[in-house]
Amino acid sequence: MTATTLLTGQTLTFNARPGLTSPEGAAIYDSAGGVLIKGGRIVATGSASKLRAAHPDAEEIAYGDALILPGFVDAHAHYPQTAMIASWGKRLIDWLNSYTFPEEMRFGDPAYASEIAGRYLDLLLAHGTTTVCSFCTVHPQSVDAFFEAAQARGMRVLGGKTCMDRNAPDGLTDDPQRAYDESRALLDRWHGVDRLGYVITPRFSPTSTPEQLSALGALWSENPDCLMQTHLSEQTDEIAWVKRLFPQARDYLDTYEMHGLLGENGLYGHSIHLEPRERDRLAEVGAALVHCPTSNTFIGSGLFDMAGLVAEGQRIGLATDTGGGSDFSMLRTMCAVYEVAQLRGQPLHPAFLLWLATAGSAEALRQGEHIGALAPGMEADICVLDLSSTPAIAQRSRRANDIWEAVFPTIMMGDDRAIRDVWIGGNRVFPQGAR
């Protein structure tokens, strides 16, 4: 008989997207709530006292004043960049050549790929992130290592082989046919196995010839249920480079669109400097834009137009963009979202920030039916936040008048010390190095 577990504490989830400046009825909060788990799924939520009375045989884990949330969802990352996160002093193109490409060369070694994949996922769990969508490297073994590490931890993750056939070192390039064949073989091996999803992954237009982009567009058309991830309009000098490489394209997005790489299952990382036509087409097809605020400030890319894009009805996810992003923590990433929006005169409510890091990113990844909310039938991926994890945070949260004032100091100042507990598929997880 499958055991039943009752988690009690403050509970918070969302049944709709909050407004930018207020919860607007989208938040479901209970100061004395409960989440009932059985068979790896959430079977009931509500008042702790009612759930306790209805399920007297359930094992109760009482978290007191801690906040029980859905696990954080990171919609864009590069797990092979784990070891070189926070590398100093470069803009995008120089940064890739100086740090990223040399490190990614090492992933031809399966043992090294396995070591970093395990380290990376343990770091995510230590920061309360339960799902990630990651670029791997050109090496198929980097994909195998990533998915094998996720399987061992029971995680729902997505990822794919990064395809490049120009403007990159020889050890990191393939060709159009090899990109298609290896991506197809990996897709057949991993997609839909356990909690894993394969993502077709051209790095970005400057590192793929039109022939390779077309080959990957063909693969996507043959497997439309898969996601496709890439980068779009991250820096102005990158956009100028794209225009030189694709003089016939109307804009950066058109370099994907003309090769079958624009669709509702597309994930377009960064999307800072978008042209009006690009914004219109992205909204029209229902693609997802992924905001990477710590990366955008660290590499000096620009300020994402959150308010404007939300007003247009764009689908938006949130991401650390490890290792261009300077932290593994979605708390630190939410802090950066707030600060970037402030620089644009767009103050964001804590409810919107938490939605973005949970349900919003889950929906961007087309995983909203599985994760991102505390609701019956959802997979039991859960993060428990200590809202008084440091003296500085505790002294501020004690003065809070509501849950939003209580949680906002943790968003702005919290780190892995705020992660009280993590649950993956109904199993309590204590990742190495987390405590």
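Worth a mention:
- Selection from segment 153-187 of residues that are part of a strand (DSSP E or B) and either in contact with an Asp or Glu (Cβ under 9 Å, 6 or more places away or on another chain) or of a type in the set (S, T, N, Q) (or both): R156, T162, C163
Residues checked against (1) open to solvent by less than 50 Å² (accessible area, probe 1.4 Å); (2) farther than 27 Å from L186 by Cβ:
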{"position": "R244", "(1), (2)": "no, yes"}
{"position": "D254", "(1), (2)": "yes, yes"}
{"position": "G269", "(1), (2)": "yes, no"}
{"position": "V285", "(1), (2)": "yes, no"}
{"position": "V290", "(1), (2)": "yes, no"}
{"position": "P293", "(1), (2)": "yes, yes"}
{"position": "V310", "(1), (2)": "yes, yes"}
{"position": "Q314", "(1), (2)": "yes, yes"}
{"position": "D321", "(1), (2)": "yes, no"}
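- Candidates are the residues of segment 134-182 that are among the hydroxyl-bearing types (S, T, Y) and in contact with a helix residue (DSSP H, G or I) (Cβ under 6 Å, 6 or more places away or on another chain); the one that is farthest from T230 (Cα to Cα) is S142.
- Only one of T173, T236, T162 that is surrounded by 22 or more Cβ atoms within 10 Å (Cβ to Cβ), touching a residue at least 24 places away in the same chain (Cβ under 8 Å) and touching a Ser or Thr at 6+ places or on another chain (Cβ under 9 Å): T162
- Among the residues making up segment 129-146, those that are crowded, with 24+ Cβ neighbours inside 10 Å and not in a strand (DSSP E or B) are C136, T137, V138, H139, S142, V143, A145, F146.
- Considering segment 196-257, the qualifying helices (runs of 4 or more DSSP H), each wholly inside and each with 2 or more residues that are polar (S, T, N, Q), run over 210-222.
- Residue, surrounded by the most Cβ atoms within 10 Å (Cβ to Cβ), within segment 53-82, restricted to residues that are touching a residue at least 60 places away in the same chain (Cβ under 8 Å) and assigned to a helix (DSSP H, G or I): P80
- Among the residues making up segment 223-242, those that are in contact with a helix residue (DSSP H, G or I) (Cβ under 8 Å, 6 or more places away or on another chain) and more than 17 Å from L365 (Cα to Cα) are S233, E234, Q235, D237, E238, I239, W241, V242.
- T358, sole failed condition from (1) of a type in the set (V, I, T); (2) in contact with a strand residue (DSSP E or B) (Cβ under 6 Å, 6 or more places away or on another chain); (3) surrounded by fewer than 24 Cβ atoms within 10 Å (Cβ to Cβ): (3)
- Of all residues in segment 1-38 being open to solvent by 60 Å² or more (accessible area, probe 1.4 Å) and within 20 Å of I424 (Cα to Cα), the one that is farthest from the chain's Cα centre (by Cα): M1
- Cβ-Cβ under 7 Å pairs, at least 6 apart or on other chains, segment 119-139 side in contact (Cβ under 8 Å) with a residue 60 or more places away in the chain, far side assigned to a loop (DSSP other than H, G, I, E, B) and hydroxyl-bearing (S, T, Y): H127/S329
- Selection within segment 338-355 - open to solvent by less than 10 Å² (accessible area, probe 1.4 Å) and under 19 Å from L385 (Cα atoms): A351, F352, L353, L354
The values are calculated or read from the model by the stated rules, or taken from the named source; none is laboratory data. If you're wondering where the values come from, they're calculated on a predicted model, not measured in any experiment. In this analysis, Cβ positions are derived from the backbone assuming ideal geometry, glycine residues included, and neighbour counts consider all displayed protein chains. To get the accessible areas, we keep the full protein, side chains included, count just its heavy atoms, and leave off ligands, DNA and RNA. Shrake-Rupley method; radii C 1.70, N 1.55, O 1.52, S 1.80 Å.
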